[in-house]
1. If I compute solvent accessible area with a 1.4 Å probe over the protein chains, what percent of it on segment A:24-111 is carbon and sulfur?
2. So, taking all protein chains as they sit and a 1.4 Å probe, how much accessible area belongs to residue A:4, in Å² rounded to tens?
3. Determine the percent antiparallel among the DSSP beta bridges restricted to chain B, to the nearest 5.
4. Could you work out, residue by residue across B:97-106, how many beta carbons of other chains sit within 10 Å of that residue's beta carbon, and then give the average as an integer?
5. Estimate for me the total accessible surface buried between chains A and B (protein heavy atoms, probe 1.4 Å, no ligands or nucleic acids), in Å² to the nearest 100.
6. Tell me whether chain B comes out rounded, prolate or oblate; compute the Cα gyration tensor, take square roots of the eigenvalues as a ≥ b ≥ c, and use a/c under 1.5 as the rounded threshold.
7. Given the pairs A:69/B:37; A:18/A:57; A:69/B:58; A:71/B:71; A:57/B:57, which are separated by over 29 angstrom at their Cα positions?
8. How many Cβ atoms of partner chains, on average, are near each residue of B:68-77 if near means within 10 Å of its Cβ?
Amino acid sequence: EAQVTQNPRYLITVTGKKLTVTCSQNMNHEYMSWYRQDPGLGLRQIYYSMNVEVTDKGDVPEGYKVSRKEKRNFPLILESPSPNQTSLYFCASSWTGGEQFFGPGTRLTVL
Amino acid sequence: GENVEQHPSTLSVQEGDSAVIKCTYSDSASNYFPWYKQELGKRPQLIIDIRSNVGEKKDQRIAVTLNKTAKHFSLHITETQPEDSAVYFCATFNQAGTALIFGKGTTLSVSS
């Protein structure tokens, strides 16, 4: 089954404790992206990757890192999480310029 | 950069009525306009999209219209049903084609 998976789905953590949210897709898509969704602000792009080893900042990259060592995986790293990073996070993948397929979401709470 | 404005932010209709959601965009080079539906607690899913070489596209009760001159596109849902209740997002690519820029969403409520 074609899908995008994310883990964990829910996470409660404390300020400053490094965490990684994994994202994996099995559709051989070149393009992958991370978004955060906050009430009233819609979906805002954090980082994206056009292909392996090619990543770039989106609209709200501060406090986040990503890597793309393999085509299927695109982890999101928060090296020192802060409460303003409490949000719902979505990973997405697509062929370049095409329909984006979203993962199930990760609800992160930073205390 | 590209900016997408979406209206209204909330929309309440009676079952069977039509619903229309409008988006305007700023970059005249935009050529791909998807609409996503997000049910409560779920991921956004594409429901319909249109490319700039056509003015209208229909899929059963859903249609999208595009006016490139005025730089706006609209989602039309006819004969609404309670299961249409969700948040709807419009989007278009930024100038570089590297990111989908989303509107802030419209919460549609269909009451029976």
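1. Of the solvent-accessible surface of segment A:24-111, carbon and sulfur hold 51 percent.
2. 10
3. Close to 90 percent.
4. Shielding by partners across B:97-106 averages 6.
5. That pair of chains buries around 1500 Å² in total.
6. Since a/c reaches 1.5 and a/b is larger than b/c, the shape of chain B is classed as prolate.
7. A:69/B:37; A:69/B:58; A:71/B:71; A:57/B:57
8. Average neighbour count from other chains, rounded to a whole number: 0.
The values are calculated or read from the model by the stated rules, or taken from the named source; none is laboratory data. Please read these numbers as outputs of a predicted model, since none were measured by experiment. Note that we place each Cβ from the backbone using ideal geometry, even for glycine, and neighbour counts take in every protein chain shown. To get the accessible areas, we keep the full protein, side chains included, count just its heavy atoms, and leave off ligands, DNA and RNA. Shrake-Rupley method; radii C 1.70, N 1.55, O 1.52, S 1.80 Å.
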